[in-house]
Amino acid sequence: MSLPQPSERAFVPFVSVAAMMKLIHQVGLDRMLRDLADYIEDDFRRWPLFDKTPRVASHSTDGVIELMPTSDGALYSFKYVNGHPKNMRDGLQTVTAFGLLADVATGYPMLLSEMTLLTALRTAAMSAMAARHLAPQDATTMAMIGNGAQSEFQCLAFRAICGIHTVRLYDVDPAATAKAMANLRDQGLTLIPCKTPEEAMEGAQIVTTCTADKQFATILTDNMIGSGIHINAIGGDCPGKTELHRDILLRSDIFVEFPPQTRVEGEIQQLDDDHPVTELWQVIAGTAPGRTAPAQITLFDSVGFAIEDFSALRYIRDRLEETGLYQQLDLLADPDDPRDLFGMLQRARP
C-alpha cells in the first residue's frame with residue numbers, strides 16, 4: 001500500500017538557525033536592522049488594531065518561560081522565549097526563542113522560524129527605533145552597560161539607525177567587554193573599554209543597560225545621570241528584576257510599550273501603579289510628545305512586546321521568496337476529505 005503523499009497545503013516554511021544566519025548576511029546586517037525598525041514602527045502606528053495582552057509567563061527559581069501572542073485581525077503570531085541567566089555558567093544561551101506566523105482566516109500556520117537570532121536583531125532595532133524618537137538628535141556617544149549576547153546588536157543598531165559612532169563599554173566581567181570589543185572591531189565604531197559604570201557614562205548622550213541577573217539591582221545610581229540623557233533600559237524584564245535606582249525614574253519622562261506588562265516587569269515596577277508613563281506608539285502616531293527639551297531625561301523602559309515579534313516574523317515572511325532561505329516542513333495533516341482524518345491515518349499503515 002502506498003503512503004498518502006502530503007499536498008502543498010501540508011507544508012509550512014521553516015527558517016532554521018543556519019538559514020537565518022545566511023539570510024542576515026545576504027540582506028546585510030545594517031539593512032536588516034533598519035528594515036526591522038521600519039516594520040516595527042509601521043506596526044506601532046496601527047497599534048489600536050492589535051490584540052494586546054501581557055505575555056503568559058511561567059516563572060521558576062532558575063528563570064522564566066514565556067508565550068507572547070498577538071494579532072492584527074489578518075495575521076496571528078506567537079513567540080516562545082525563555083530567560084535563564086544561570087544558563088551561561090553551563091555554556092548555554094540565556095535566551096532562546098522560536099515563533100510562528102499564521103493566517104487568521106484559516107488558522108493555518110504560514111511560517112515557523114527560529115527567533116533566538118531574530119529576537120536579538122528585533123530587540124536592537126526596537127531600541128534604536130525608540131531612540132530615534134526620544135534621544136537627543138545630535139547624540140554620537142553611547143554607554144553600553146552589560147556586554148553580553150545582546151550588546152553587539154545594540155551597538156550596531158544605534159550606529160545604523162541613530163548615527164552613534166562612539167561606544168563606551170562596561171561589564172562586571174572584563175572578559176565580556178573583551179569579547180564585545182573583538183566582535184565590534186572594524187564595524188565603524190570607536191570603542192572605549194571602561195573599568196566602572198561611572199567611567200562608561202562620561203560624555204554619553206545615550207545609555208543602554210542590558211544586564212542579566214534576575215534580581216533587583218542598581219546598575220545606575222541617581223548621581224550618574226545628568227540632564228539631557230536618553231536611557232534605554234532593556235535588562236529589567238521580569239518581576240523582581242531591575243537595573244535603575246528609583247530616583248532616576250522619578251526624574252525621567254518614561255516611555256513604555258504596554259503599561260499592563262511594563263508595570264509588572266519593567267523598571268516602573270518600583271513605582272506606584274498610577275505613576276504617569278507615555279505609550280511609545282502614541283509618540284510614533286503623533287498623539288503624544290516625545291523629547292521636548294534639551295535638558296529632558298527620557299527613559300525607554302523596554303521589556304519587549306509581542307507586536308515587535310509580529311513585525312519581525314512579518315519581515316521574515318516577506319523575505320522568503322527573494323532569498324529562498326527556508327525549508328518546507330510537513331507540519332499539517334491534509335486528508336483528501338477534511339472529514340476523514342482517520343482514513344488518512346489508516347492508509348499509512350505498514
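The values are calculated or read from the model by the stated rules, or taken from the named source; none is laboratory data. What you see is a predicted model; the values in this text were computed from it and never measured. Backbone-built Cβ (ideal geometry, glycine too); neighbour counts: all protein chains shown.
Just a few scattered comments:
- Leading residue by the ranking (nearest to Ile231 (Cα to Cα)) among those in the range 283-316 that are among the polar types (S, T, N, Q) and over 11 Å from the mean Cα position of the chain (by Cα): Thr298
- Any hit, the range 146-153, residues being among the aliphatic types (A, V, I, L, M), at pLDDT 95 or above and in the same structural domain as Glu257 (by TED's automatic domain parsing): no
- Members of the range 271-285 that are in contact with a helix residue (DSSP H, G or I) (Cβ under 9 Å, 6 or more places away or on another chain) and over 30 Å from Leu100 (Cα atoms): Leu271, Asp273, His275, Val277
- Criterion violated by Asn87 - all others in (1) among the polar types (S, T, N, Q); (2) over 30 Å from Thr278 (Cβ atoms); (3) in contact (Cβ under 8 Å) with a residue 12 or more places away in the chain; (4) assigned to a loop (DSSP other than H, G, I, E, B) satisfied: (4)
- Residue in the range 54-66 that is part of a loop (DSSP other than H, G, I, E, B), buried (at least 18 other Cβ atoms within 10 Å of the Cβ) and at pLDDT 95 or above present: no
- You will find that of Ile316, Ile297, the residue that is β-branched (Val, Ile, Thr), in contact (Cβ under 8 Å) with a residue 12 or more places away in the chain and in the same structural domain as Ser113 (by TED's automatic domain parsing) is Ile316 and no other.
- Helices (runs of 4 or more DSSP H) wholly inside the range 102-189 containing at least 1 residues that are crowded, with 18+ Cβ neighbours inside 10 Å and touching a Pro at 6+ places or on another chain (Cβ under 9 Å): 174-184
- The single condition among (1) free of Cβ contacts under 8 Å to residues at least 40 places away in the same chain; (2) at negative phi that Gly188 does not satisfy is (2).
- Among the candidates Leu36, Leu23, the residue that is surrounded by 13 or more Cβ atoms within 10 Å (Cβ to Cβ), closer than 30 Å to Thr287 by Cα and in the same structural domain as Gly107 (by TED's automatic domain parsing) is uniquely Leu36.
- Scope the range 244-263; condition of a type in the set (Asp, Glu), touching a residue at least 40 places away in the same chain (Cβ under 8 Å) and either not in a loop (DSSP other than H, G, I, E, B) or not assigned by TED's automatic domain parsing to the domain that holds Ala135 (or both); matching residues: Asp253
- Test: residue in the range 117-134 that is assigned by TED's automatic domain parsing to the domain that holds Ile206 and modelled with pLDDT under 95: no
- Qualifying residue in the range 286-293 (condition: in contact with a strand residue (DSSP E or B) (Cβ under 6 Å, 6 or more places away or on another chain), in the same structural domain as Gln205 (by TED's automatic domain parsing) and in contact (Cβ under 8 Å) with a residue 12 or more places away in the chain): yes
- Across the range 223-243, the qualifying residues are those that are buried (at least 21 other Cβ atoms within 10 Å of the Cβ) and either in a loop (DSSP other than H, G, I, E, B) or of a type in the set (S, T, N, Q) (or both), and the one among them that is farthest from the chain's Cα centre (by Cα) is Ile229.
- Among the residues of the range 181-197, not a single one is assigned by TED's automatic domain parsing to the domain that holds Leu271, closer than 25 Å to Lys86 by Cα, among the small types (Gly, Ala, Ser) and touching a Cys at 6+ places or on another chain (Cβ under 7 Å).
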